[in-house]
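Please read the structure below before turning to the comments.
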Amino acid sequence: MKSKKYRFLTVQVLWISFTAFVTAQIPSNVYQFEEKSEVGKLIHEIKIDEDYFVHSVYKKSPAEFIKTVGGFYTLSNNVLKVDLEFNSDYKKDGTKSLNIPYRMKDGQLILDKDEPMHFKSVGTEPQDLDGKWLFSGRVTDKGEERRDTSRPRKTMKFLLNGHFQWIAYNTESLDFMGTGGGTFEANDGKYTENIAYFSKDNSRVGASLSFNYDIKGTDWHHSGKSSKGAPLNEIWTKREYK
């Protein structure tokens with residue numbers, strides 16, 4: 001009787017372990033991997049939260065943006081499945097989705113491609129403004145000018161654990177208009193971006209830009225001066241849907 005009981009408990013433990021393995025989640029965070037390539041050292045950066053995935057690649061020296069892809073994802077049998085909303089190389093490769101085997105080990109996110117890519121966590125603590133935000137309007141002398149965030153043409157900011165990225169794209173055509181990213185700090189109404197890559201102008205890398213911010217409901221009011229020095233007063237709305 002005891003042997004049957006022990007066998008039953010063993011099967012239960014094995015089943016629980018197997019289920020945990022199959023349904024292993026990827027902790028929301030920012031992860032980086034350094035690749036040595038023929039063109040120099042490439043920085044691969046992944047931002048991933050509970051439902052969205054972005055993978056960007058850039059060089060630090062000399063500064064150069066390489067590529068970015070992103071979209072909503074699901075996990076199944078240790079495969080990361082991403083339905084892309086944007087792909088900066090779409091006109092070259094036509095890729096609309098990704099299926100990437102993955103595993104977590106000692107806090108690292110490992111993507112099992114031809115050569116396994118070991119991503120280390122580089123995110124800091126959560127901050128004000130963490131989340132996905134869609135550009136939704138401006139404040140002018142005449143008041144607020146709103147934009148429909150449900151239309152295909154979008155500009156999104158993804159802020160997570162001290163890292164930020166903005167992306168301009170079209171969800172229907174997968175057209176890519178531009179991106180930029182790096183690290184940020186948000187505290188007591190002051191928001192500072194430190195640019196690590198910028199697709200339209202590599203010379204902007206290394207710059208720090210400071211702004212004011214104010215959260216009003218699901219809106220982020222973002223004011224100050226743009227990277228070109230022009231005044232801005234933007235409204236970004238928290239993204240709560242696909």
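The values are calculated or read from the model by the stated rules, or taken from the named source; none is laboratory data. Quantities reported herein were computed from a predicted structural model and do not represent experimental measurements. A quick note on method: Cβ atoms are made from the backbone with ideal geometry, for glycine too, and the neighbour counts reach across all protein chains shown.
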Exercise. Of the residues Asp93, Asp114, Asp130, Asp106, which single one is at pLDDT 95 or above, among the charged types (D, E, K, R) and closer than 29 Å to Gly40 by Cα?
Worked result: Asp93
Exercise. Of the residues in region 73-95, how many are of a type outside the set (Val, Ile, Thr), closer than 29 Å to Val205 by Cα and surrounded by 13 or more Cβ atoms within 10 Å (Cβ to Cβ)?
Worked result: 7
For this session: Answer yes if at least one residue in region 163-186 is farther than 19 Å from Glu34 by Cα, surrounded by 18 or more Cβ atoms within 10 Å (Cβ to Cβ), in contact with a Gly (Cβ under 9 Å, 6 or more places away or on another chain) and of a type in the set (Asp, Glu), and no otherwise.
Result: no
For this session: Determine whether region 50-72 contains at least one residue that is modelled with pLDDT of 90 or more, surrounded by fewer than 17 Cβ atoms within 10 Å (Cβ to Cβ), of a type in the set (Val, Ile, Thr) and not assigned by TED's automatic domain parsing to the domain that holds Asn161.
Result: no
For this session: Might you check whether a residue that is buried (at least 21 other Cβ atoms within 10 Å of the Cβ), over 9 Å from the mean Cα position of the chain (by Cα) and outside the structural domain of Gly206 (by TED's automatic domain parsing) occurs anywhere in region 34-47?
Result: no
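The rows are residues; the columns are (1) at pLDDT 95 or above; (2) farther than 22 Å from Met177 by Cβ.
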{"site": "Tyr191", "(1), (2)": "yes, yes"}
{"site": "Tyr213", "(1), (2)": "yes, yes"}
{"site": "His221", "(1), (2)": "yes, yes"}
{"site": "Lys225", "(1), (2)": "no, no"}
{"site": "Glu240", "(1), (2)": "no, yes"}
